[in-house]
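Asks: The structure follows.
The values are calculated or read from the model by the stated rules, or taken from the named source; none is laboratory data. None of these values were measured; they are calculated from a predicted model. Here the Cβ positions follow ideal geometry from the backbone for every residue, glycine too, while neighbour counts run over all protein chains shown. These accessible areas exclude ligands, DNA and RNA; they are computed on the full protein's heavy atoms, side chains included. Shrake-Rupley method; radii C 1.70, N 1.55, O 1.52, S 1.80 Å.
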There are 2 protein chains.
Amino acid sequence: MYKAKITITLRSSILDPQGKATHHALGELGFKSIQSVRIGKFVELEIDAASNSEAASLAENACKELLANSVMEDYQVEIQELVVR
Amino acid sequence: MYKAKITITLRSSILDPQGKATHHALGELGFKSIQSVRIGKFVELEIDAASNSEAASLAENACKELLANSVMEDYQVEIQELVVR
């Protein structure tokens with residue numbers, strides 16, 4: 001069993017209004033040294049696969065077909081093996 | 001300048017309907033080997049700080065005060081130094 005940790009972020013050329021609002025709110029709370037905020041999604045998949053690379057390609061396909069919008073977003077996949085206790 | 005990469009996830013005891021819906025949709029698309037899906041948030045902060053540990057404590061405070069709901073969510077902070085080119 002593998003765990004895929006996927007972070008999906010807006011491409012840097014795309015405006016991020018949610019990040020802008022959060023940046024403003026952090027400034028109001030006194031966090032003046034925060035220069036920028038960008039907000040994305042985090043997806044954790046548990047995958048039944050025979051190998052690390054099989055899990056990675058499955059997670060990548062899931063991003064392409066459903067999880068990420070490849071026009072506006074980038075994604076990064078990190079695979080971890082789950083040890084059954 | 002430091003970059004904080006923050007992942008905010010629902011605690012494992014909390015139901016994740018968004019993850020359940022995504023799991024179902026992935027199943028319909030033929031991803032039968034995905035056993036579970038959990039969805040969280042990803043926040044990237046650029047912080048003007050004097051040291052790695054100052055950036056880390058600032059990011060942690062931002063999580064506690066605004067970004068995460070500590071009743072329902074866990075968060076993880078990872079700090080990277082940004083090299084100015």
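Asks: In whole Å and largest first, what semi-axes does the C-alpha gyration tensor of the protein assembly as shown yield when each eigenvalue is scaled by 5 and square-rooted?
Replies: 30, 17, 16
Asks: Please report the carbon-and-sulfur percent of the accessible area for the stretch B:2-81; probe 1.4 Å, protein heavy atoms only, DNA, RNA and ligands left out.
Replies: Accessible surface attributable to carbon and sulfur in the stretch B:2-81 totals 47 percent.
Asks: From the label point of B:Glu78, set 7 Å from Cα along Cα→Cβ, how far away are the matching label points in the other copies, in nm, ordered shortest to longest?
Replies: 0.2
Asks: Take peptide B:27-34, look around each residue's Cβ out to 10 angstrom, count Cβ atoms belonging to other protein chains, and average those counts.
Replies: Per residue, the average neighbour count from other chains is 5.
Asks: What does the helix-only formula give at 222 nm for the protein assembly as shown: each DSSP H stretch with n ≥ 4 adding -39500 (n - 2.57), the total divided by the residues, and the result rounded to the nearest 500 deg cm²/dmol?
Replies: -8500 deg cm²/dmol
Asks: Moving on. So which residue of A has the beta-carbon closest to the axis that swings A onto B, and how many whole Å away?
Replies: Reported as residue, whole Å: A:Phe42, 2.
Asks: Helix A:17-28 against the longest principal axis of chain A: what's the angle in degrees, Cα atoms only, rounded to the nearest 10?
Replies: That helix lies at roughly 50 degrees to the long axis.
Asks: How far, in nm to one decimal, is A:Leu66 from itself in the other copies if the label point is set 7 angstrom along Cα toward Cβ? Shortest first, please.
Replies: Copy-to-copy label distances at A:Leu66, shortest first: 3.4 nm.
Asks: Less than 12 Å apart at the alpha-carbon level, and either on another chain or at least 8 residues along: which aspartates and glutamates does that give for B:Lys32?
Replies: A:Glu46, A:Asp48
Asks: What whole-number value in Å² describes the accessible area per residue of the protein assembly as shown for a 1.4 Å probe?
Replies: Ligands and nucleic acids excluded, the result is 58 Å² per residue.
Asks: To the nearest 100 Å², how much accessible surface do chains B and A hide from each other in total, with a 1.4 Å probe?
Replies: Details: alone 6300 and 6290 Å², together 9930 Å².
Separately minus together, B and A give about 2700 Å² buried.
Asks: Would you work out which of A:Ala56, A:Asn69, A:His24 lies farthest towards the positive end of the dipole of chain A, given +1 charges on the beta-carbon of Lys and Arg and -1 on that of Asp and Glu, about the Cα centre?
Replies: Going by the Cα projections, it comes out as A:His24.
Asks: Output the peptides B:25-31, B:10-16 sorted from most to least packed, where packing is the average of other Cβ atoms within 10 Å over each peptide's residues.
Replies: B:25-31, B:10-16
Asks: Additional query: Build a GNM of chain B with springs between Cα atoms under 10 Å: which of B:Ala59, B:Ala68, B:Ala21 gets the top mean-square fluctuation?
Replies: B:Ala21
Asks: Answer rounded, prolate or oblate for the stretch A:2-81, using the Cα gyration tensor with square roots of eigenvalues a ≥ b ≥ c: rounded when a/c is under 1.5, else prolate when a/b is larger than b/c, else oblate.
Replies: Numbers: a/c = 3.91, a/b = 2.21, b/c = 1.77.
Note, shape of the stretch A:2-81 comes out prolate.
Asks: Calculate the FRET efficiency for B:Lys32 and A:Leu15 from the Cβ-Cβ distance with a Förster distance of 45 Å, rounded to the nearest 0.05.
Replies: Approximately 0.75, to the nearest 0.05.
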